[in-house]
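Read the figures in this text as sums done on the coordinates, not as results from a lab. Here the structure is a predicted model, which means the values were calculated and not measured. Quick reminder, even Gly has a Cβ in these numbers, built from the backbone with ideal geometry, and neighbours come from all protein chains shown.
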Amino acid sequence: MSLPDITFNYGKGGLGRALAGNDYISSLMFVNSSLPSGFSSTNRIQKIFSVADAVTLGIDNLYSDETKATATYTVTNKGTAGDVVTVNYTDYKGTVIQLAQYTLATADITSTTTSALALSNAVNLGTNTHGFSASPSSAIVTITTKVGEGIYPNSGTPYAIAVTGTCAVTIAQAVVTGVASKRAIEYYHVSEFFRLQPQGVLYVAYYATYDANNITLVRDFANGEIRQFGVLNDLTTAFATSQVTAIQSVATASQTAHKPFSVLYAPEISATSSLSSLTDLTGLASKNVSVVISQDGAGQGYRLYKTTGKSISDLGAKLGAVAFASVSDSIAWVGKFNMSNGTELDTINFSNGVLYSTVSDALLTTLNNYGYLFLRKLVGITGSYNTPPTTSTLPSSDYHFIHSNRTIDKATRGVRADLLPDLSSPIILNSDGTMTDSTVAYLESKAGLSLSQMVRDTELSNFSVTINPSQNVLSTNTLTVAVKLLPVGVADFIVVNIGFTTNL
């Protein structure tokens, strides 16, 4: 029996240090002509390892690029002592925020100017609590919204003033039009990526205009090590399937250059009033592109949607899930990929603002069949979960799912790396012109090195490598290697036969 002692079990991964391999290496691409402080026109791409790195580079949620909306109220009757004036603001959630409730004193009712000053001071007394501020000019008071309201105060009647007494006030809403922060959206997606994959590596890129060809620039900056891209729409251009095929053209060229990757694309569909009008993606022959149309419905993502009026999506979280997954994993795996932390992505919307719970099962099935990625709820378990991660290809395609593409891309990279030293190497032949057994065995073994590791890592079920020794290498200078991959299956459907019996 050991002596009494205190034993320490050392945890792993708490520092978020980089993982082995490159499967988790990702990129988020944004369209914004206003660059964060750590970027410049000649330095548009940065490699980061944490949210803290992003903040250091100026990607934060301080809303410094926002134009705050203003409204004015004009005191047209100075009122009498004892009058009670209440100033309220109703936010994007429908919550009424009291900016001030003030009882006019005798000194306040000398004129409409003094009444306006008193009410302005009353608003400012609560600034530390509600975030709004006021500035008087004669009988007119200008109210500036709190940080993060964006475009929300630009329409409707969010401000209201109630008066008990003779004081009279008129309101002019949205005198200065609010402009939403793009930086807050960018920070949101970066932070959501690292929430789902704390040990990820992320290349963040900025371009002034949207162009699918910019993906190539980021790819080459990263020396081809990026395995999955997240591309955010430019918030102004409505979704069209041509955007998908343009991205696929870049991905196809990249595959030819031995730098394959998958792309998650978040389109702008805020003006799409009916989800049923979305186009079927499965005929686009775009095996490397997946279209994301879900977003948060009550947390920060929802706030950004309401204060920008544009599709926010859950792109960052989706990209983080893919980066966290083994290449053979479907991010629809319920036991591994709960996308909600209990707050964010717990209530689900589509990225046109439609609440998931209001969409019929028939339409959800159609959207899934059309190849869109979104979140769903499941009876019997809390959380929010991904639909099967389809690509913009026919269901009959071998490459209809992200995990299928990631698996074969990894296998292709590995086999190529294993065989590269043997490129242009001598091939020893028998007297009849066939390849010797030792040559065939050597090359088959080399081609299977990385594939064997994928089997050990349960990224492949099995594989075979065969070389026909009779092929005419002398005439063609070409060696053909046949590789067959047996992938890991995915239990998208589980059928349970259940019933009563009279005995067991």
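The ranking of Ser330, Ser50, Ser34 by Cβ neighbour count inside 10 Å, starting from the fewest, reads Ser34, Ser50, Ser330. Rounded to the nearest Hz, the phi-derived 3J(HN,Hα) couplings of region 141-153 under the Karplus curve 6.51 cos²θ - 1.76 cosθ + 1.60 (θ = phi - 60°) are 10, 9, 9, 9, 5, 6, 4, x, 7, x, 8, 4, x, where x marks glycine and proline.
Using equal-weight Cα scatterers in the Debye expression, the normalised intensity of region 70-176 in log10 at q = 0.19, 0.20, 0.22 Å⁻¹ is -0.87, -0.96, -1.15. Computed over all pairs of different Cα atoms, the Kirkwood value for the hydrodynamic radius of region 251-307 is 13.9 Å.
A simple rule links phi to the HN-Hα coupling: the Karplus curve 6.51 cos²θ - 1.76 cosθ + 1.60 with θ = phi - 60°, which for region 435-441 gives 6, 5, 4, 5, 5, 4, 4 Hz, with x for Gly and Pro.
Placing +1 on the Cβ of every Lys and Arg and -1 on the Cβ of every Asp and Glu, with no other charges, gives the chain a dipole of roughly 340 debye about its Cα centre. Tell me, what is a quarter of the convex hull surface for the C-alpha atoms of the chain, in nm² with one decimal? About 40.2 nm², averaged over all directions. Starting from a Cα-only point model with no solvent, please compute log10 I(q)/I(0) by Debye for region 122-182 at q = 0.28 1/Å. The computed values of log10 I(q)/I(0) come out as -1.39. Think of the chain as a dipole: +1 on every Lys or Arg Cβ, -1 on every Asp or Glu Cβ, centred on the Cα centre; then among Gly150, Leu125, Thr501, Leu125 lies furthest on the positive end. In order along region 270-276, the phi-based Karplus estimate (6.51 cos²θ - 1.76 cosθ + 1.60, θ = phi - 60°) of 3J(HN,Hα) comes to 4, 8, 7, 5, 10, 4, 5 Hz; Gly and Pro are listed as x. Ranked for footprinting exposure by Cβ neighbours inside 10 Å, fewest first, Ser392, Ser340 give Ser340, Ser392.
Toward the positive end of the charge dipole of the chain, with +1 on the Cβ of Lys and Arg and -1 on the Cβ of Asp and Glu, the farthest Cα among Pro426, Thr113, Val263 is that of Thr113. The distance from the alpha carbon centre of region 200-218 to that of region 274-335 is 18 Å, rounded to a whole number.
Expressed as a whole percent, the proportion of Cα-Cα pairs in region 418-487 lying more than 21 Å apart is 29%.
Normalising the Debye intensity of region 225-369 to I(0), with uniform scatterers on Cα atoms only, and taking log10 at q = 0.15, 0.17 Å⁻¹ returns -0.81, -1.05. Between the Cα long axis of helix 402-419 and the first principal axis of the chain there is an angle of about 50°, rounded to the nearest 10.
Taking the Cα centre of region 387-439 as the origin, how large is its charge dipole in debye, to the nearest 20, when only Lys and Arg (+1) and Asp and Glu (-1) carry charge on their Cβ atoms?
Here the size comes out at about 360 debye.
I'd like the distance between the alpha-carbon centres of region 448-470 and region 355-387, rounded to an integer number of Å. Cα centroid of region 448-470 versus Cα centroid of region 355-387: 36 Å apart. Against the compact-protein benchmark of 2.2 N^0.38 Å, the Cα-based radius of gyration of region 341-385 scales to 1.15.
Suppose every Lys and Arg Cβ carries +1 and every Asp and Glu Cβ carries -1, with no other charges. What dipole size does region 418-487 come out with about its Cα centre, to the nearest 20 debye?
Approximately 80 debye in magnitude.
Of Leu62, Leu486, the sequence from fewest to most neighbouring Cβ atoms within 10 angstrom is Leu486, Leu62.
Ranked from highest to lowest mean number of other Cβ atoms within 10 Å per residue, what is the order of the peptides 272-281, 209-218?
Highest mean packing first, the order is 209-218, 272-281.
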